[in-house]
1. Can you bin the range 89-136 into rounded, prolate or oblate? Criterion: square roots of the alpha carbon gyration tensor eigenvalues sorted a ≥ b ≥ c, rounded for a/c under 1.5, prolate for a/b above b/c, oblate for the rest.
2. Helix 33-42 sits at what angle to the longest principal axis of the chain, using alpha carbons and giving 0 to 90 degrees rounded to 10?
3. At what distance in nm do the modelled label points of Thr464 and Thr427 sit from each other, each positioned 7 Å from its Cα along Cα→Cβ?
4. Could you please rank Met248, Met265, placing first whichever residue has the fewest other Cβ atoms within 10 Å of its Cβ?
5. Going by alpha carbons, how many degrees (0 to 90, nearest 10) lie between the helix axis of 516-526 and the longest principal axis of the chain?
6. Antiparallel DSSP bridges in the chain: what percent, to the nearest 5?
7. What residues have an amide H closer than 5 Å to that of Phe102, excluding those fewer than 5 places away on the same chain, when H is modeled at 1.01 Å from N in the peptide plane?
8. Does the range 370-547 come out rounded, prolate or oblate, given a ≥ b ≥ c as the square roots of the eigenvalues of its C-alpha gyration tensor, rounded meaning a/c under 1.5 and, failing that, prolate meaning a/b above b/c?
Amino acid sequence: MDANRYKRLTRPGALKRILVRGTNWIGDAVLTTPALMAIRKGFPGAKIALLAKPAIAELLHHHPAVDEIVLYRDPGPHAGLGGKLTLARLLRRGRYNLAILFQNAFEAAAITALAGIPIRYGYATDGRWFLLTHRVPLTPRIRRRHQVHYYLELLRPLGIPVELEPPMLRTTPGEETEAIEHLRACGVDPKKVLIGLNPGSVYGTAKRWRPERFAEVADRVAAEQGGVVLIFGARGEEELGAAIAGKMTAPTLVLSGRTTVRRLMALIRQCRLFITNDTGPMHIATAFGVPTVAIFGPTDPATTSPFGSHHELVRHPVDCSPCLLRDCPIDHRCMQGISVGMVHTAAMRQLRMASFTAPLTASSGSKAPVVYLDRDGTLNFDPGYLNQPEQLQLLPGVGQAVARLIRAGFMTVVLSNQSGLARGLITQDQLEAIHQRLRELLAEDGAWLDGIFVCPHHPDDGCTCRKPAPGLVHRAQRKLDVSPDHAIVIGDKATDMELARNVGALAVFVRSGNAYEEEQARMAERGVTPDYVARDLTEAVEWVLEAVKPRAQLTVKR
C-alpha cells in the first residue's frame, strides 16, 4: 500500500472500524499481540474488533488492543457453507472499513469478502490472492522469521509504526484473586513456590518429553524449593496429568482439563517456574514474565520459541530436527536425548535469575552486581583483528551507557577473546595500549572498567577461558570479589549468550556487531535465546536498569 493511500486511511475519521481475523491456536494468538498493539497505535481513532474462535476470544478478553470480539463458532452455528454465510451477514452489519487477516486460510479472505469489507489485507497464501484488495507477498525470508516478526512484517507495508515488543496478556485483579482462592480450596498454599508443569501437547505426541522425566525433574525442583507442583493440560490430557502425579512424591495439584482459558492464565501467572513442551501455555507463561523452561524437539525454535525474557530452551540437536511432524516415525531421538539433569539445571538457573531481578538494597550485604561486557562490536567498532590503539573507536553512546551502569551500582568488566595473540597478529604490548585507549575514551564520559580479562589462546587449544567457556568469569570472580549470582552478560555474539547460560547470568544481545543476523541465526540453531535483544549498548543498559533494579545510586569509590 503506497504512502499516500496510508495517509488517507489514517486521516481522522477515515477508518472508523477495523476487523482483525485472529489465529486459531492459543500459542499463535499470544504471538500476534505485538502486532495487535501496532494496529492500535497505528490507527488510534478506530474501533478494533477481533474475529476469533471461543478459546482465542477468552485469551484476548481485556486486551488493550481490542475494543470488541466477534465470536466465530465453528463447530457451531458458523460451520459449513451456510454458517459462513451467516457469519458474513453478521460482519456486514458491523460496517468495517478494513480487514487485517492474521489467519492465512482461504476462508478468512472469503468471509470478509462476502461481508463486503472494502479493504482486505493479508498475506497472499492458500490461493486467496484474488480475494484480497491488498496482498503482501510471503517471502522465504519472512517464512523463516520468528512468528512475532511474521505478524509484524505483515503490517509493515501499511506504513504504520511497527515496534518490536514482547507478547503481552492481561488478567484482572478479580481473576487473580479467584485463582488464589481456587488454590486454597484445593489445599494449596499460594505462598509456596508454585511450579507449573505442562507435559502434554494438543498438536501431537512428537512434541512431548517423557512423562517420567517430567515427574522426576518436578520432584527435584519441588524438594529443593519446598514447592508445590501444578500440572496443567488440555481436555483429553487428564490421564497424562494423573499418571505424572502418580509418579511423584512432591505435593501436586492436577489441573489438566479442569480450567477455562482465563483461569489457566491466572493460575499460570501465580507460578514461580513453568516447565513445558512447545505449547500454547508456554507462550502464556512467558507473556506474563513467568520464568520458563521450554523443551523443544521436532519444532523449530527459530520460529516458535518463547519470545522476550525469563526463559530458556532445552534441546538435543539431531539431524532430523526440526521435522515438524505430529508423531515421530523413528526413535524420538530429539526428545530422548534431553535428560532430567539438563532440564533441572535450566530450571534452577531460571529460579536464580528470577531472584536476581528482585530489587537489591544497599543494606542487603550482597556483593555488587556485575555487567560483563564484550569488547569488539559491543563497546567499539569491530575492524577485524584490532592491533593499533588509534584504530579503536567507541560506538555511539557507549561511554554514557557504561557511566549509567556505574551510577546505578554495577561493576563493569570486559571479557574478550583475543586469539590474535596466539596467531601472532597482535603483541601483548599492543593489546595493553588498546585497552589503555579504551579506558581513556570511557573516562571522557565519566566511565571506567573494574577489570578487563582476555583469553589469549587459539580456538583449537581447548582452553577453559575462551568464551563461551566460563574461565574468564571465574577469573573475574576471584580477582574482583564479584558475586557469582548477580551477573549480566552483554555482547554481540552467540558465544556471549552461551557464556551467560553457562554461568547462570542474564543474557542481553546487542545488534551493534558486524554480523548480528548471522549471530542470531547461530543462536537459533543452538537453541540459545537471549533475555533481551537491544539495538545497541544504550538500549541494553536501559533494559537492564528497568528489569534488574540494582542498588539505587550507590556511592562507589575506586
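1. Working: a/c = 2.14, a/b = 1.70, b/c = 1.26.
Taking the square roots of the gyration eigenvalues as a ≥ b ≥ c, the range 89-136 is prolate.
2. Here the helix axis deviates by roughly 80 degrees.
3. My value for the distance between the label points is 3.2 nm.
4. On the way: Met248 18, Met265 25.
Ascending Cβ contact count within 10 Å gives the list Met248, Met265.
5. 80
6. Details: 1 of 61 bridges.
Bridges in the chain are about 0 percent antiparallel.
7. Amide H to amide H, under 5 Å and 5 or more residues apart or across chains, Phe102 pairs with Arg21.
8. Details: a/c = 1.25, a/b = 1.06, b/c = 1.19.
Rounded is the answer for the range 370-547, as its axis ratio a/c remains below 1.5.
We did not get these values from a lab; they are worked out from the coordinates using the rules stated. These numbers were taken from a predicted model, which means no experiment stands behind them. Cβ: placed from backbone, ideal geometry, glycine included. Neighbour counts: every protein chain shown.
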